[in-house]
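What follows is a single structure, written as C-alpha cells, with notes after it.
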Amino acid sequence: MFVKYVYEKIYKTLFMIIRKIFLIASTLSLIFLQEALAETTVSKTPEDSFKSAAAIYVISREDIKRSGATSIAEVLRMVPGLQVARGESGQWMVTSRGFADGFANKLLVMVDGRTIYTPLFSGVYWGEQDVMLENIKQIEVIRGPGATQWGANAVNGVINIITEPASNTQNGFVSGSYGNSYNALSTRYGGKIQNNSYYRLFASRYNENDQDNLYTKTTGNDFTINRAGFRVDYDEFEKDLITIQGDGYHGNNQLDIFWPDTSSSNGITRFADDLSLYGGNFIGKWDHQISNKEETQLQFDYSNSARKYNFINRKIQIANFDFQYSNSVIDANKITTGLGYTGTDSHFDGNNFRLNFDPVNRRMNLFSSFLQDEIALLPDKVLLTIGSKLEHNDFTGYEIQPSIKTSWLLTEDQTLWASIARATRTPSISEYDINMVVGTSGPVYTREQGDTGFDSEKLIAYELGYKIRPTDNSLIDLALFYNDYNDLRSAEFSGITNEDGNLFASVYPRNNGKGKAVGFELDGSVKPTKKWELKSAYSYLKLDLDTKLGSTDTELEKEQKRSPRQQFNIQSRYNISSNVTFDNILYYVGGITVTDNYSNSLKIPAYLRFDTHIGWQYSKNLSFDLVGQNLFDDQHTEFSGALWSEPVTVGRTIYGKVTLKF
C-alpha cells in the first residue's frame, strides 16, 4: 500500500507540474509540435503512437495539404530530428539525427512497405519518388533504429509512405499547379469492381525550373518527371484482403556538370548533360486473418530503375519477398515473426577514367528473419518488447540486430518509454565496385576506389522518451537519444599512381571511424480555439566523430559539421471560415559547413524560411490554393551540390493550385 501511495503521489505531482508549465507556455505561444495521435505500422504491427516505445511522428493527409509542400521531401521538413536540404532541381538531402550527405545512407525509406533506397549507395534518389501527394494517406516516421523489424540500413530512422486504399479515392480528380519555379498536373479516377473491391488509375507530371548555381550564377538543372499507375484492393472474402498496385515513370534532368580537370586553371571543366531516368514497380500483397488473434501477411514487390547519362548508364532491378505471422493467442504476449528474401541485379554501361565500376554486373542476395515478442508485464500499464533481426548478405555475411524496449503507461495521458537497439549499415555497391574521380590537387586527381575490405557500420542506440496530454487539446512529446557508432566508414589514402599519363591519389573505404551523437527532440501541439491550432518542434544534435589510431581519414571531421546543431519550426493553422483556411510555417535551420565540388570549405549560415498557404473550398468539388514559400529570402544555399555539381541557391516560390473533383 505504501509503494502504491508513493507511486500515485509522484505521477500526480509530475502531471500537475507539467500541466501548469504547459498552460503558461501556451499562453505565451511557446508550444511544441506533434500530429494528433494515430495508429501506425512502423514497427510492422498496428500500434498507438502514444503508447509505443519509439520516437514516432505521423504526417497526416491534412498536414500535407495545409503545408503547401510540392514534394515528399518538402513535407518532411516539419518532422523533428530530420534534416532536409534542397540541392539542384529534383535533388534533395534527407537524413535523420545527423550524417548529412548528398548520398545520405542511414535512413530507410519505403512506399507501402516497398524499400525505395538504391543499393548503389544505400540512399534515396528523392526526385524519382514523386508519389502523388493527393494519393498519400499518411507518412510514418520513426527516429532511431528500426533494424529489428526492417533490417540493415534502418540505422538512424525509418520512413514509410502509405498511400490511400482505392476505396478512399473514388470518382474523378484533376489538380493543376503553376508558379514561378514549379508546375504540376495530376489526375486520378477511381471506381468499384464489386461490392467491397475498388480500383484507381492515376497519372501525374511534375516540373521544377532551373535554379541559380552559387558561383557561376548559371542555370541548367531543370527537372521533369511523368508517372502513371494503378491500385486494386480486392476485399470480397471475410478474412482476406488482396492489394495489387504499380506505377511507371520517365523523367529528364538537365544538369550542369563540373568535372575535375587537372588541365584547367581552376581544376574544373563545365559541361551540360541530359540525365534520363525511368523505371517502374509492382506490389502484390495478401493479408489473411486466421482468427481474431492470428494473421499472416505476404508481400512480393519488384522494381527496376535506370539513370542514363551521356557518359554512363546504370540499371538496377530488385525483387523482394516478405512473409509475416502475428499471434496474440496468449493475452499477455503478441508474437510477430517473419522471413524475407531480396535479390538485386545491377548493371553499368560506359567506362571512362572519371567513373567506372568493376565488376560492371553484380548480383546480390539478402536473406532475413526476425522475431519480436511484446509482453504485457502489467496489463495496460507496462509493456516490454524484445526482438532481433538475423540477416545474411553477400558482402559481410551474417548480421544480428537485436532490440529491447519498454513503455510505461503512467496514466491514460502519460507514457514513459526507453529503448536499447543495435543496427548496422551494410556496404553498398559503390563501396565495393566504384572508381570515381572526386577532385584535383594540382596535377593529381583524387579518386575514390571501392574495396572489398569494407565492413558494416555499427550502432548501439539508447533512447528515452516521455509523452503527455496535459489537456484534451494539447500534446507534448520528448525524445532523448545517445548513439554510439563504431566501424564508421573512413577514407584511407593508398598512394599515388600513374595510369595512362594521369596521376591518381586514391582513397578507399575502411572502418576506422567512430563517434557519438547526443541530442533530443521536443514537439507538441495545442488548440487555443476551435478554429486555431499551433504546432512546433525543436531539435538539438551534437555529433562527435573521430578516427581510430593510424587512420589517414580527413572526411569524418568534415562530416560532423554538415548537420545543424539546432533546428526549429512553428506552424499556425487557422480556419477563417468553414471553407477558407490560412496556414503559416516558420522554419529555422542552424548553420553548417560543407565541402563543395571545388574542394572548398563552404560555410552555409543559419537561415529562416517562411511558408504561407491560403485554401479556398469554393464548392464541394472545386477548390483553390495560393502558396508562398521561402518568402523571407529571395535566395539562400541549403547544402553542397550533388556529385560533380555546383551548390545552388534556393529562391522564393509562389504558385497557385486548382483542384476539381467529378
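For the stretch 553-624, which trypsin sites (Lys or Arg not before Pro) pass both filters: DSSP loop (anything but H, G, I, E, B) and at most 13 other C-beta atoms within 10 Å?
Those that pass, being in a loop and sparsely packed, are K620.
Largest first, please: the extent of the C-alpha atoms of the chain along each principal axis, to the nearest Å.
That gives 82, 56, 54 Å along the principal axes, largest extent first.
Choose one of A421, S167, T547: the residue whose Cα lies farthest towards the positive end of the charge dipole of the chain (beta-carbon charges +1 Lys, Arg; -1 Asp, Glu; about the Cα centre).
It is S167, whose Cα lies furthest towards the positive end.
Taking only DSSP H segments of four or more residues, each worth -39500 (n - 2.57), what value at 222 nm results for the chain once the sum is divided by all its residues, to the nearest 500 deg cm²/dmol?
Counting only the DSSP helices, I get -2000 deg cm²/dmol.
Take T344, T396 and order them by how many other Cβ atoms sit within 10 Å, fewest up front.
T396, T344
Which of Y178, Y485, Y198 comes first, and how do the rest follow, when ranked by fewest Cβ neighbours within 10 Å? Mind showing how you got there, number by number?
On the way: Y178 13, Y485 25, Y198 20.
Least crowded to most crowded, the residues run Y178, Y198, Y485.
Full extension from L478 to K603: what is 0.36 nm times the residue separation minus their Cα-Cα distance, to one decimal in nm? Show your work: numbers first, answer last.
Numbers: separation 125, 0.36 × 125 = 45.00 nm, distance 3.06 nm.
Extra length from L478 to K603 when fully extended: 41.9 nm.
Cross-link list K405/K516; K285/K657; K293/K389; K192/K661: which exceed 25 angstrom alpha carbon to alpha carbon?
Over 25 Å apart, Cα to Cα: K285/K657.
Determine, for each peptide in 188-196, 278-286, the mean count of other beta carbons within 10 angstrom over its residues, then list the peptides with the highest first.
Ranking, from highest mean packing down: 278-286, 188-196.
Between the stretch 414-437 and the stretch 474-533, how many Å separate their Cα centres?
If you average the Cα positions of each part, the centres end up 10 Å apart.
Given the peptides 437-444, 610-617, arrange them by the average over their residues of other C-beta atoms within 10 Å, most packed first.
So the peptides 437-444, 610-617, ranked by packing, come out 610-617, 437-444.
Given contacts defined as C-alpha pairs under 8 Å and at least six residues apart, what's the relative contact order of the chain, whole-number percent?
Computed over the chain, the figure is 13 percent.
Given R₀ = 60 Å, what would the calculated FRET efficiency be for V329 paired with S265, taking r from the Cβ atoms and rounding to 0.05?
Plugging the Cβ-Cβ distance into 1/(1 + (r/R0)^6) gives 0.20.
Hey, for a label at N621 modelled as a point 7 Å past Cα toward Cβ, could you say which residues of the stretch 641-662 have their backbone N under 19 Å away?
Those under the cut-off are 658-662.
Under a plain spin-label model, where a point goes 7 Å from the Cα along Cα-to-Cβ, how far apart in nm are A505 and F493?
So the label points at A505 and F493 sit 0.6 nm apart.
Run through the stretch 203-279 and list the trypsin sites (Lys or Arg not before Pro) located in a DSSP loop whose Cβ has at most 12 other Cβ atoms within 10 Å. Each step should come with its number before you reach the end.
Numbers: sites: R205, K217, R227, R231, K239, R270; in loops: K217, K239.
Those that pass, being in a loop and sparsely packed, are K217, K239.
Just to verify a number: FRET efficiency for K531 and N352, C-beta to C-beta distance, R0 = 56 Å, to 0.05?
So the FRET efficiency works out to roughly 0.40.
Given 0.36 nm per residue, what is the gain on full extension from N361 to D633 after removing their alpha carbon distance, in nm?
Value of the extension gain: 93.3 nm.
Quick one: if you stick a label point 7 Å off each Cα along the C-beta vector at N180 and I290, how many nm between them?
6.1 nm
Given labels modelled 7 Å from the Cα in the Cβ direction, how far is it in nm from K548 to Q317?
Placing both labels 7 Å beyond Cα along the Cβ direction yields 3.9 nm.
If we count other beta carbons within 10 Å of each Cβ, what is the order of D247, D274, D101, fewest first?
Lowest to highest Cβ neighbour count: D274, D101, D247.
Subtracting the Cα-Cα distance from 0.36 nm times the residue separation, let me have the gained length for I576 to I654 in nm, one decimal.
26.0 nm
Normalising by the residue count of the stretch 510-623, find the relative contact order in percent from Cα pairs under 8 Å and 6+ residues apart.
20 percent
Which distance in Å, rounded to a whole number, links the C-alpha centroids of the stretch 135-169 and the stretch 221-297?
The stretch 135-169 and the stretch 221-297 have Cα centres spaced 15 Å from each other.
Quick note: the coordinates plus some simple rules give every number you see, no bench work behind them. Just so we're clear, the structure is a prediction, and the values are computed from it rather than from any experiment. All Cβ positions, even for glycine, are placed from backbone atoms using ideal geometry, and neighbour counts span all protein chains on display.
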